[in-house]
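The values are calculated or read from the model by the stated rules, or taken from the named source; none is laboratory data. Keep in mind that what you see is a predicted model, and the values were worked out from it rather than measured. Using ideal geometry, Cβ is built from the backbone for each residue, glycine included, and neighbour counts are taken over all protein chains shown. Heavy atoms of the whole protein, side chains included, go into the accessibility calculation; ligands, DNA and RNA do not. Shrake-Rupley method; radii C 1.70, N 1.55, O 1.52, S 1.80 Å.
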Amino acid sequence: MKINPEYKELAWQGLWKNNPGLVQLLGLCPLLAVTSTVVNALGLGVATLFVLICSNATVSAIRHWVPKEIRIPIFVLIIATFVTCVQLLMNAFTYDLYQSLGIFLPLIVTNCAIIGRAEAYASKNPIKQSSFDGLMMGLGFLAVLMVLGAIREVLGQGTLFDGANLLLGPWATQLKVQIYQLDSQFLLAILPPGAFIAMGFLIAGKNAIDQKIVQAKPKKLEQAIERVRVNFES
C-alpha cells in the first residue's frame with residue numbers, strides 16, 4: 001500500500017525531525033517534573049496525546065469562522081475544555097495517578113506544543129490532516145516521556161513499570177519488573193536535576209544520529225564547468 005507523501009512527512013516531523021520534546025523543546029516543565037517513573041510518563045503522555053488530537057481537529061473544523069484577532073484565546077479555550085475532560089476522566093477512573101500528576105495535568109492547557117500546533121498547522125489545514133498531525137506530535141512527545149521515565153526509574157529505583165496499577169488497575173501490579181535491588185533510591189535520578197541531565201543525553205543522542213544520517217547520504221558531485229575563452233582577434 002502506497003503511503004501518502006503528506007502523511008509520511010507529518011509522521012516524520014512529529015516523531016523525529018520536529019519532535020516537540022527533543023527538537024522544539026516545548027512542554028519541558030511537565031516533561032521533566034513527572035517522568036520519575038514510566039507510569040507517570042505514560043499517564044501524562046496519553047493525556048497530552050488526547051488533547052492534541054481533539055484540539056487540532058476542533059480548531060481545524062472552526063478555522064473559517066474564527067476571527068484572526070481573537071484566535072489565540074479561542075484556541076486556549078478549546079484546549080482547556082479537553083484538558084478538563086481529561087481531568088474529570090482521570091479523577092473518576094485513575095484517581096491515584098491523577099493525584100500523582102498533580103498540578104501538571106491542568107498545566108497541559110499552557111503546553112506550547114499544543115497551542116503551537118493549533119496555530120501553526122490546524123488553523124490552516126483540513127480536519128483529517130490536522131488530526132493526524134496531532135496524533136504524530138502526541139506520539140513523539142509520548143515517546144520522549146516514556147524513554148525519559150524509563151531511564152530515571154531504572155537508575156533511581158532499579159525497576160520498570162512500578163505503580164502500573166495506578167493506570168491500568170490492580171491486575172497490572174504483576175507488570176512491575178525488578179531489574180536490580182537498591183537499598184535506597186538514587187535521588188539524583190528521581191529529582192528534577194536528573195531529568196535535566198537525562199534530557200541532555202537524549203538530545204545529544206538524537207543530534208548524533210542525525211549527523212550520521214547526513215554523513216551516510218551520498219554526496220552530490222558538483223560538475224566542474226569548463227570555461228572556454230573565445231579569441232575574436234584570430
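Worth pointing out:
- Longest site-free stretch - the chain; sites: trypsin sites (Lys or Arg not before Pro), DSSP loop, at most 13 other Cβ within 10 Å: 3-218
- Atom-type composition of the exposed protein surface of the chain places 66 percent of the accessible area on carbon and sulfur (1.4 angstrom probe).
- For the chain, the solvent-accessible area of protein heavy atoms averages 60 Å² per residue (probe radius 1.4 Å; ligands and nucleic acids excluded).
- Per-residue HN-Hα couplings for segment 52-59 [Karplus 6.51, -1.76, 1.60; θ = phi - 60°; Hz; x = Gly/Pro]: 4, 5, 5, 5, 4, 5, 5, 4
- Rounded to the nearest 10 square angstrom, C85 shows an accessible area of 60 square angstrom against a 1.4 Å probe.
- The loop-placed chymotrypsin sites (Phe, Trp or Tyr not before Pro) in segment 92-184, going by DSSP, that have at most 15 neighbouring Cβ atoms within 10 Å of their Cβ come out as Y180.
- Size descriptors for segment 1-80: radius of gyration and Dmax over Cα atoms are 15.4, 43 Å.
- Highest-MSF residue in the chain out of A80, A172, A150 [GNM, Cα springs under 10 Å]: A172
- When each of the peptides 186-196, 43-53 is scored by how many other beta carbons lie within 10 Å of its residues on average, the order from highest to lowest is 43-53, 186-196.
- Each 5 Å bin from 0 upward holds the following percent of the Cα-Cα pairs of segment 106-175: 3, 14, 14, 18, 15, 13, 11, 8, 3, 0.
- Tensor-based shape of segment 1-137 (alpha-carbon gyration tensor, a/c under 1.5 rounded, otherwise prolate or oblate): oblate
- Sum of -39500 (n - 2.57) over DSSP H runs of 4+, divided by residues of the chain (222 nm, nearest 500): -19500 deg cm²/dmol
- Candidates A216, A118, A33: whichever shows maximal mean-square fluctuation once the chain is modelled as a Gaussian network with Cα springs under 10 Å: A216
- Cα gyration tensor of the chain - equivalent ellipsoid semi-axes, whole Å, descending: 40, 28, 15
- Residue of G27, G205, G116 that the Gaussian network model of the chain assigns the largest fluctuation, springs spanning Cα pairs under 10 Å: G205
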